[in-house]
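**Student:** Please read through the structure below; I'll follow up with questions.
The values are calculated or read from the model by the stated rules, or taken from the named source; none is laboratory data. Everything numeric here is computed off the predicted structure, so don't read it as measured data. Every residue, glycine as well, gets a Cβ built from its backbone with ideal geometry; the counts of neighbours run over all protein chains shown. Only protein heavy atoms, including side chains, enter the accessible area calculation; ligands, DNA and RNA are left aside. Shrake-Rupley method; radii C 1.70, N 1.55, O 1.52, S 1.80 Å.
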Amino acid sequence: MDDCLFCRIVKKEIKSEIVFENDSVLIFKDINPKAPVHLLVIPKRHIADITEIDSLSAAESYEILSSISKTALELGLEKSGFRVVTNTGVGAGQSVAHLHFHILGKRDFAWPPG
Ligand code: AMP
Ligand code: ZN
């Protein structure tokens with residue numbers, strides 16, 4: 001989508017700090033980090049949020065989860081614990097309408113989240 005911020009990041013029209021990329025997934029650093037490690041994991045194909053996941057192929061969905069796991073392990077986030085979050089809808093704090101999973105790590109986390 002031409003007017004979607006994250007689609008423009010996928011097309012490299014907007015710069016980002018990419019930490020992983022393959023055919024279907026991009027992982028880049030959040031511009032306003034809420035933890036010492038704060039990454040965003042997105043499908044390259046635009047869907048608005050998790051409620052549209054069936055628009056992606058099974059392989060694309062798998063790549064999202066697999067790349068989250070691999071990246072977390074590469075950064076050693078499992079040692080102290082990490083969180084994976086997908087805010088869905090304005091009421092939950094979603095500000096960019098392109099599916100994204102936050103990976104947050106290297107600090108303590110409260111439960112339940114606010
Ligand atoms: P959410 O509020 O859950 O929709 O998450 C959107 C995230 O995108 C926020 O944490 C923002 O800090 C982040 N963000 C917005 N613009 C950019 C950008 N240009 N590069 C990297 N992250 C961004
Ligand atoms: Zn998009």
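**Student:** Output wanted: per-residue J couplings in Hz (rounded whole) for segment 81-93, from phi through Karplus 6.51 cos²θ - 1.76 cosθ + 1.60, θ = phi - 60°, x for Gly and Pro.
**Tutor:** 3J(HN,Hα) across segment 81-93, in whole Hz: x, 8, 10, 10, 9, 10, 5, 10, x, 4, x, 9, x.
**Student:** How many percent of the accessible area of the chain is carbon or sulfur, using a 1.4 Å probe?
**Tutor:** Whole-percent figure for carbon plus sulfur exposure: 56.
**Student:** Hey, can you grab everything whose amide H is under 5 Å from the amide H of PHE20? Only 5+ residues off in sequence or another chain; H modelled, so Pro and N-termini drop out.
**Tutor:** When sequence neighbours closer than 5 places are left aside, the close amide H contacts are ILE27.
**Student:** Taking 0.36 nm per residue of separation and subtracting the Cα-Cα distance, what length does fully extending SER61 through ASP23 add?
**Tutor:** 12.4 nm
**Student:** Using the alpha-carbon atoms, what tilt in degrees (0 to 90, nearest 10) does helix 58-74 show relative to the longest principal axis of the chain?
**Tutor:** In the chain, helix 58-74 runs at an angle near 30 degrees to the longest axis.
**Student:** Around LYS44, which amide H atoms from residues at least 5 apart in sequence, or from another chain, sit under 5 Å from its own amide H, with H modelled in the peptide plane?
**Tutor:** VAL25, LEU26
**Student:** Right, another one. Consider all pairwise Cα distances in the chain and report the whole-number % of them above 22 Å.
**Tutor:** The proportion of pairs with Cα distances above 22 Å equals 30 percent.
**Student:** At a Förster distance of 22 Å, what's the computed FRET efficiency of LYS34 paired with VAL90, Cβ-Cβ distance as r, to 0.05?
**Tutor:** 0.75
**Student:** Then there is this: Report the net charge of residues surrounding PRO33, where surrounding means a beta-carbon distance below 12 angstrom and charges are Lys +1, Arg +1, Asp -1, Glu -1.
**Tutor:** Spelling it out: positives minus negatives among the neighbours equals +2.
**Student:** With Cβ to Cβ distances under 15 Å as the rule, what net charge do the other residues near GLY105 carry (K, R +1; D, E -1)?
**Tutor:** After counting each charged neighbour, the total is +3.
**Student:** What does the accessible area per residue of segment 5-105 come to in Å², with a 1.4 Å probe and no ligands, DNA or RNA counted?
**Tutor:** Heavy-atom accessible area per residue stands at 54 Å².
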